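J.: Before anything else, here's the structure in question.
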Amino acid sequence: MTDDLTGACLCGAVRYRCRGEPLSMGLCQCERCQRQSGSAFLIATVFAQEAVQLESGELKTYAAFDADGMGLYRHFCPTCGSAVMITLDRYPGIRSMMGGTLDDKTRLKPSFSLWCSSAQPWLQLPAGIELFAEYPDGLIA
Ligand SMILES: [Zn+2]
Ligand SMILES: [Zn+2]
């Protein structure tokens, strides 16, 4: 039995709750995530769709489509702009919650990083984080 992970956007309008442990936790250093986060990487905390519940507020969505027409949807608070959640056509059963919005960030333990090929050169990730140059086939994140 584990405590639910809860989180909120910067202004507090959006609150969410995730039941159980995440399926995975990782970083994405792709150019798009750097832009959206305004930082060196974005922290993805991945849960099954049914484990995630939006408790208050509403999210706006920015959609981007890859060459195959599959969408990646970035859901954010329309008031404060916080990145809260990513959903993907490729993996409709998951919700990727943005680690910086968690109430208890001591539970963040990222185990891998995607898109190290576009990493900012000054950033040194700790040993033990599995590094992928791009997005490996079959990985759900
Ligand atoms: Zn907000
Ligand atoms: Zn990314």
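The values are calculated or read from the model by the stated rules, or taken from the named source; none is laboratory data. Note that the structure is a prediction, hence the values are computed from the model and not measured. Ideal geometry is used to build each Cβ from the backbone, glycine not excepted, and the neighbour counts take in all protein chains shown. With ligands, DNA and RNA removed, areas are computed over all heavy atoms of the protein, side chains included. Shrake-Rupley method; radii C 1.70, N 1.55, O 1.52, S 1.80 Å.
J.: Restricting attention to region 42-103, which trypsin sites (Lys or Arg not before Pro) occupy a DSSP loop and are surrounded by at most 14 other Cβ atoms within 10 Å? Spell out each step's value before the answer.
T.: Working: sites: Lys60, Arg74, Arg90, Arg95; in loops: Arg90.
Hits after loop and neighbour filter: Arg90.
J.: Which part of region 64-79 falls in the paramagnetic zone of Asp89, meaning amide N under 16 Å from the point 7 Å along Cα-to-beta-carbon?
T.: Answer for region 64-79: 64-74.
J.: Turning to a different aspect of this structure: Set the Förster distance to 30 Å, then compute FRET efficiency between Glu50 and Trp122 from the Cβ-Cβ distance, nearest 0.05. The partial results should precede the final answer.
T.: Numbers: r = 40 Å, r/R0 = 1.32.
Plugging the Cβ-Cβ distance into 1/(1 + (r/R0)^6) gives 0.15.
J.: Which GluC sites (Glu not before Pro) does region 22-106 hold that lie in a coil by DSSP with at most 15 other beta carbons within 10 Å?
T.: Filter output for region 22-106: Glu58.
J.: Ok, one more. Normalise the Cα radius of gyration of the chain by 2.2 N^0.38 Å (N = residues in it) and let me know the number.
T.: Here the answer is 1.00, to two decimals.
J.: Share of the chain's accessible area from carbon and sulfur, percent, 1.4 Å?
T.: The nonpolar share, carbon plus sulfur, comes to 54 percent.
J.: Let me ask something additional. Quick one: what do you get for region 1-52 if you divide its Cα Rg by 2.2 N^0.38 Å?
T.: Numbers: Rg = 12.7 Å, N = 52, 2.2 N^0.38 = 9.9 Å.
Normalised Rg, Cα atoms only: 1.29.
J.: Hey, in the GNM for the chain with a 10 angstrom Cα cutoff, which one of Asp89, Asp104, Asp68 fluctuates hardest?
T.: Its mean-square fluctuation being the largest, the pick is Asp68.
J.: Over region 5-131, average the accessible area per residue using a 1.4 Å probe and give it in Å², no decimals.
T.: 53 Å²
J.: Now for a different question. Residue by residue through region 27-38, which ³J(HN,Hα) values in whole Hz follow from phi under the Karplus form 6.51 cos²θ - 1.76 cosθ + 1.60 (θ = phi - 60°), with glycine and proline marked x?
T.: 10, 10, 9, 5, 4, 5, 5, 5, 5, 5, 7, x
J.: Please give the calculated 222 nm ellipticity per residue for the chain, where each DSSP H segment of at least 4 residues contributes -39500 (n - 2.57) and the sum is spread over every residue; nearest 500 deg cm²/dmol?
T.: Calculated mean residue ellipticity at 222 nm is -1000 deg cm²/dmol.
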